[in-house]
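The values are calculated or read from the model by the stated rules, or taken from the named source; none is laboratory data. Remember, predicted model here, so these are calculated numbers, not experimental data. Every residue, glycine as well, gets a Cβ built from its backbone with ideal geometry; the counts of neighbours run over all protein chains shown. When the accessible area is computed, the model is the full protein with side chains, heavy atoms only, and any ligands, DNA or RNA have been set aside. Shrake-Rupley method; radii C 1.70, N 1.55, O 1.52, S 1.80 Å.
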Amino acid sequence: MKSNLIMLCLLGLASTLNAQDPRERHYYYEILDPRHEPKPLVEGFARERVTENLNRGLTVTPARDGKGIYLSWRLLASDVPGTAFHVYREADGKTRRLTKKPLTQTCDFMDVTPAEKASYWVEVLVKGKKPALSEKREVILSELKPYTSIPLKEGVKAGKIALADLNGDGIYDYIIRTPETNVDPGMPGDTTGKTYKISAYLSDGSYLWTYDMGPGIEPGIWYSPFIVYDFNGDGKAEVAIKTAADDYVKNEKGRVCGGSEYLSVLDGMTGKEIDRVDWPERNDRYGNLIRQNRNQMGVAYLDGKTPYILAARGTYKLMVVDAWMLKDGKLQRAWRWDGDEENPIVRSMGAHSMVTADVDGDGRDEILLGSCMLDDNGTLLWSSGLGHSDKAYLCKLHPDMEGMQVFMVSEPKKEDGRGVSVVDATTGKLIWKIGQTTYHVGDGMVADFDSSHPGMECFASEDRKGGSTDKYLLTADGKKINTTNAEVPGCRNWIWWDADLLRETFKGDDNRWGASSSSGGRKQSIWKWQGEVLTEGIEGDILMIADLEGDWREELITALPGELRIYHTNIPARDRRVTLMQDPLYRSYVAHRSMGYPQAPVPSFYLGE
């Protein structure tokens, strides 16, 4: 009798989930639903956290006035307070120290009397220790440009890029996917025979290998996720990728609708397959073929030390995630999370990207899939109940807020005022909402670009599909900033470029949801919102924004036919900070930009004025 009463209560509770506060849904799902018992904690092979062994990342560019050379280098997390630097130059067979006193305030230097041909390096000074030397950079002054050029074989143009150290030398290398065109699941299938290819280049431009994904992987963003990271802890990155066998089946529209699918791991230096396992299988619980063909990949430190590969399927209905460890050349599954389409708490909660970080302070990564968060052991931590979010940003919105937050924009029409909202990253509890009806919010971003408001600004834009073209600009605590649509900046690409802590964006970039950020032959400029243009003449489609090298300011990677360009700032610094790539959340954003829709990275701490 008692068990029957409990079941009746559970059924009654489940039937009213859609009308409940998401906090009650979290309680139901985690505490009352007996189908979802806690899974054991994951324990991987690593005894210490697998990290990248980065070098100093010394960069050399022309000075802004064209009369000297600007040098910049990394401050590392392993550097003790008080670490200082000297700069050296070797030219015409003579070595000269250029700094009179050790540099302690910034990680940059200007050589105002450069030689035509020289080598530069940095000496690292720590009290009580022998000085250490950085790598050397060879410079020919007359050939120096504000960017590094990486030529690509056969004139291809990159559509996606990953950054990782393939050979263990402490420098990021480039793994690209070509061509740059895309077939979306909602578009007609490709019948031209075109296939996507993954190619690897070292930091000096040396070509390594190309892997043809073949006709079983359609040449579109949601069929071809890949992510590059050191998964086995040997100091060299591997390439995790979705692959298919030759038994693929295509329908009359040219869409792949059957056949074997795999998660494969490739050796980063050779492109040879290390191991493969089955990809999460197709089934009707995802919905129609358009919804079945939504795939993503990720990396997460599920035990706090070992990087696990995440293979995910589904966005709009059922979502499934498999977690795999690469150990001794074999993939071992840690868990599978099945969202169960029949449970309205997690149905259709996916976004067009994922990011991972430790949000609850237990030292293990959680996984933000969009409107829901997975715990490290493969169970649901929380669901906001807001449905599909085109963008979801895990971030630190304001220095006075406890923990981290998630800024979300929701695609479904929302009459409850939660179409643009912020929730607590640990619990999913609502912090604030926009408080008005939204129709189809298709893009969003967080960035501190206006020092008159504390914390990061939150901005979003409606998509024409919903019948509205409104744009929204709010403060970190949800107060609306009175601006016109034209004054609300684009959501796509933001960069720390000059010497202050405000973030800059681009003129000439369409900055829209789902777009390729193509400059369309136009030259773009980096500018301060409602302010001055800082750098002009940038060419190519924006592929990546990341603190790739140099000091903590970011680099810009663009794609042109037959070329990658890595643009570096040459604006003198005011301060120094540990490279952003050693912040786990920031590194996760950069790692995940090789798949899904692009999002500019943000760190786990507040970085703003």
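The charge dipole of the stretch 77-207, taken about the Cα centre with unit charges on the Cβ atoms of Lys, Arg (+1) and Asp, Glu (-1), comes to about 500 debye, rounded to the nearest 20.
Computed from phi, the 3J(HN,Hα) profile of the stretch 166-181 under the Karplus parametrisation 6.51, -1.76, 1.60 (θ = phi - 60°) reads 7, 10, x, 9, x, 10, 6, 10, 10, 10, 10, 10, 10, x, 8, 6 Hz, with x in place of Gly and Pro.
Under 5 Å from the amide H of Phe506 lie the amide H atoms of Trp527, each residue being 5 or more positions distant or on a separate chain, with H modelled from the backbone and absent for Pro and chain starts. Against the main long axis of the alpha-carbon atoms of the chain, helix 2-15 sits at an angle near 60°.
Cα centroids of the stretch 142-191 and the stretch 295-330: 23 Å apart.
Looking at the chain, the DSSP beta bridges with both ends there are about 100 percent antiparallel. Estimated from helices alone, the mean residue ellipticity of the chain at 222 nm is -1500 deg cm²/dmol (sum of -39500 (n - 2.57) over DSSP H runs with n ≥ 4, per residue). Here the peptides 62-70, 415-423 are ranked by packing, the mean other Cβ count within 10 Å, and the order with the highest first is 415-423, 62-70.
Summing +1 for each Lys or Arg and -1 for each Asp or Glu among the other residues whose beta-carbon sits under 11 angstrom from that of Met456 gives -3.
Taking every protein chain into account, the accessible area of the stretch 202-258 amounts to 36 square angstrom per residue (probe 1.4 Å).
Roll a 1.4 angstrom probe over the protein heavy atoms and tell me the percent of accessible area of the stretch 59-144 that is carbon or sulfur. Write out the running numbers ahead of the final one.
Values: 2600 of 4950 Å².
That fraction is 53 percent.
For the stretch 148-593, the share of accessible area belonging to carbon and sulfur comes to 45 percent (1.4 Å probe, ligands and nucleic acids excluded). Applying a DSSP loop filter and a limit of 16 other Cβ atoms within 10 Å to the trypsin sites (Lys or Arg not before Pro) in the stretch 551-603 leaves Arg574. Rounded to the nearest whole Hz, the Karplus-based 3J(HN,Hα) values (6.51 cos²θ - 1.76 cosθ + 1.60, θ = phi - 60°) of the stretch 255-271 follow the sequence 8, 6, 10, x, x, 6, 10, 9, 9, 10, 10, 9, 5, x, 8, 10, x, with x at glycine and proline.
About its Cα centre, the dipole of the stretch 59-144 is roughly 400 debye, where the only charges are +1 on Lys and Arg Cβ and -1 on Asp and Glu Cβ. Sorting 292-304, 201-213 by their mean Cβ neighbour count within 10 Å, with the most densely packed peptide first, gives 292-304, 201-213. A simple spin-label model places pseudo-atoms 7 Å from Cα toward Cβ; at Met187 and Thr210 they are separated by 2.1 nm. Summing Cβ point charges (Lys, Arg +1; Asp, Glu -1) relative to the Cα centre of the chain gives a dipole of roughly 560 debye. Per-residue extension of 0.36 nm, minus the Cα-Cα distance of Val249 and Thr469, leaves a gain of 75.2 nm for this segment. Here the label points at Asp400 and Glu536, each 7 Å from Cα along the C-beta direction, are separated by 4.2 nm in the simple model. Measuring between alpha carbons in the structure, the pairs from Lys117/Lys153; Lys197/Lys317; Lys250/Lys327; Lys465/Lys507; Lys317/Lys528 lying more than 32 angstrom apart are Lys250/Lys327; Lys317/Lys528. Legend: Rg and Dmax of the stretch 148-593, from Cα coordinates, 20.9, 60 Å.
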